[in-house]
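The values are calculated or read from the model by the stated rules, or taken from the named source; none is laboratory data. Computed from a predicted model, the values in this text were never measured in an experiment. Here the Cβ is made from the backbone with ideal geometry for all residues, glycine too, and neighbour counts use every protein chain on show. Only protein heavy atoms, including side chains, enter the accessible area calculation; ligands, DNA and RNA are left aside. Shrake-Rupley method; radii C 1.70, N 1.55, O 1.52, S 1.80 Å.
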Amino acid sequence: MTQQAAGIRDVIERFIQERFDVKAEKLAPDDPKYQALVEYFQRESWLQDAARRVSQLQVVTHSLKPIHPDAKGSNLYAPPESLAKHQGVGSHVLPADFDGDVVGNAAALDVYKFLKLEYDDKSLLERVLEEDAELARALSDNAEQSQAWMKAFAAITEPSGEHASHTRAKQVYWLTGEDAADDDDFHLLAPLYATSLAHQVFQTINRDRFSDEAKEARKAKREGKLGEQEVHDYPNIASQKMGGTKPQNISQLNSERGGNNYLLASLPPTWNSRDIHPPLKVDSVLSRRGMFGRRKEVRALVGDLKRFLETNPNTDMHTRDLRDDYTAMIMDELMLFTMQMHSLKPGWSADENCRLAIEEAFWLDPGRAQEDAEFRKARHASDWPDEIRQRFANWLNEALGGKLPLGDVEFRHWKKELGQDASHQRLLDKDRRWMAFLMEELDDLDELQGGEDDE
């Protein structure tokens, strides 16, 4: 036997001896149960049983039970090096020493602990999967027996039977072709939980939140001192509990986390209104020198559109499409401006310094209607959306004036574009908070005034 094989065998025998010591601790040497344990924990006897019980376990990187605890379909073992590389965050970014998870019979987890034993910075599982000859020599002096055990232990990364989903698993039809009406243009996907990645995230967040180094870094930050350790913050973090009182029924790593799985915040943007001020002491935000037209992005878009139209382009489809694209981007800026105004404290339009036309107050300060009954009643009785569309059309016509012969035809076009924009799929596909605003503020008048209280 080589020196390396002898070293591996020593690691194996020490592990088996430690387990024997725990089991036999309270038994007398003359107890029949003690003698039975002595026989069972002989190296080859224990390995024979471990090779039998390993079929009750599966090492995985992607598991099914977190999707639903009663799902009984396939789990997968897909190490990082086997996955396609891309710019997104996924299991392919895990380090080489990532933690594989284990699903199956919790009573057989000692077999997995055995396979996690390391010699010379390499686990027995890695050696099994590499068909390491030194490990084979260490397991048994009988080469045939050793190969049988190696094969049995290697199967821990393979699902039993063919790949299968389950009625309690999630399934998603994913369009891979171009015809959504053609069933053959879809693939049926069965999402699994990236358990190894989730464990890495959990460990990283805990280290950033609770380690002594992180605590010292936060203390230095509070005291205004320089520190070598970076401070990491995870706002609005949540924790999902899996497995209830028996997290081991989900998986080994889930049990190690006490069933806790962190969820990072995935929320629509919250507008920061510290640098946003209400339009006071102005008659309109849609005037030549109004707040909306002075925005950098708006000035740039209007300037580009104006220069394009001043070239007297051909009246063809390309020209119409490009003009409509510019108009759509300007209206996007109008939506953004509106949302920023809505982020201000409701009721700002009641300030004595607010000189806005009442229709613009209805548009930009809808929250005021929650507390101001008279304002709410007037808002519902007013055809303010149409007035805003007219003001927008007048503003854009004036902004594009100068060399351009713009008049009633263009006015009607800008007004129509803004009136139809709320039902345009391009905008409806945006964030749901934007959808809610668009449906309330810019949709057809019948829908706007269809309810008793739109707020």
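What the table shows:
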item: Largest to smallest principal axis extent of the C-alpha atoms in segment 291-386, angstrom; result: 52, 27, 19
item: Ellipticity estimate at 222 nm from DSSP helix runs (n ≥ 4, -39,500 (n - 2.57)) divided over the chain, nearest 500; result: -14000 deg cm²/dmol
item: Sequence of 137, 53 when ordered by accessible area, the most exposed leading, probe 1.4 angstrom; result: 137, 53
item: Under the Karplus curve 6.51 cos²θ - 1.76 cosθ + 1.60, θ = phi - 60°, whole-Hz ³J(HN,Hα) for segment 185-196, x wherever Gly or Pro sits; result: 8, 10, 10, 9, 9, 10, x, 10, 7, 6, 5, 5
item: Accessible area of residue 187 in the full protein assembly, 1.4 Å probe (Å², nearest 10); result: 110 Å²
item: Over segment 1-143, relative contact order from alpha-carbon pairs under 8 Å, at least 6 apart, %; result: 30 percent
item: Value of Rg to Rh for segment 80-141 (Rh from inverse mean 1/r over Cα pairs, i.e. Kirkwood); result: 1.06
item: Segment 233-249 - phi-based ³J(HN,Hα) in whole Hz, Karplus 6.51/-1.76/1.60, Gly and Pro as x; result: 10, 10, x, 6, 6, 10, 10, 9, 8, 10, x, x, 7, 10, x, 5, 6
item: Relative contact order (percent, whole number), segment 244-339, Cα cutoff 8 Å, 6+ residue spacing; result: 17 percent
item: Count of lysine pairs in segment 1-139 with Cα separation under 22 Å (8 or more residues apart, or interchain); result: 5
item: Solvent-accessible surface ranking, highest first, for 44, 360 at 1.4 angstrom; result: 44, 360
item: Apportionment of accessible area to carbon and sulfur, the chain, percent (1.4 Å); result: 48 percent
item: Accessible-area ranking of 45, 343, largest first, probe 1.4 Å; result: 45, 343
item: Per-residue SASA entry for residue 389, accessible area with 1.4 Å probe, Å² rounded to 10; result: 30 Å²
item: Radius of gyration and maximum dimension Dmax of the chain, Cα, Å; result: 33.8, 110
item: From phi via Karplus (6.51, -1.76, 1.60), per-residue ³J(HN,Hα) for segment 118-133 in Hz, x at Gly/Pro; result: 10, 9, 6, 6, 9, 6, 5, 5, 4, 5, 4, 5, 8, 6, 5, 5
item: Residue 239 long-range amide H proximity, modeled H, under 5 Å; result: 263
item: Stretchable slack from residue 178 to residue 68, in nm (0.36 nm times residue separation minus alpha-carbon distance); result: 36.4 nm
item: For residue 1, solvent-accessible area (1.4 Å; no DNA, RNA or ligand), Å²; result: 130 Å²
item: Residue 355 paired with residue 233, simple spin-label distance in nm, labels 7 Å along Cα-to-beta-carbon; result: 4.0 nm
item: Mean separation of Cα contacts under 8 Å (6+ apart) over length of the chain, as relative contact order %; result: 11 percent
item: The chain - accessible surface per residue (Å², probe 1.4 Å); result: 60 Å²
item: Between 0 and 90°, nearest 10: helix 43-53 axis offset from the chain longest Cα axis; result: 40 degrees
item: Estimated D of segment 232-326 in µm² per second, where Rh is the Kirkwood radius over Cα pairs and Stokes-Einstein applies at 20 °C, 1.002 mPa s; result: 110 µm²/s
item: Cα-derived Rg over Rh, computed across segment 22-119 with Rh taken as Kirkwood radius; result: 1.13
item: Between segment 296-323 and segment 49-110, the alpha-carbon center distance in angstrom; result: 56 Å
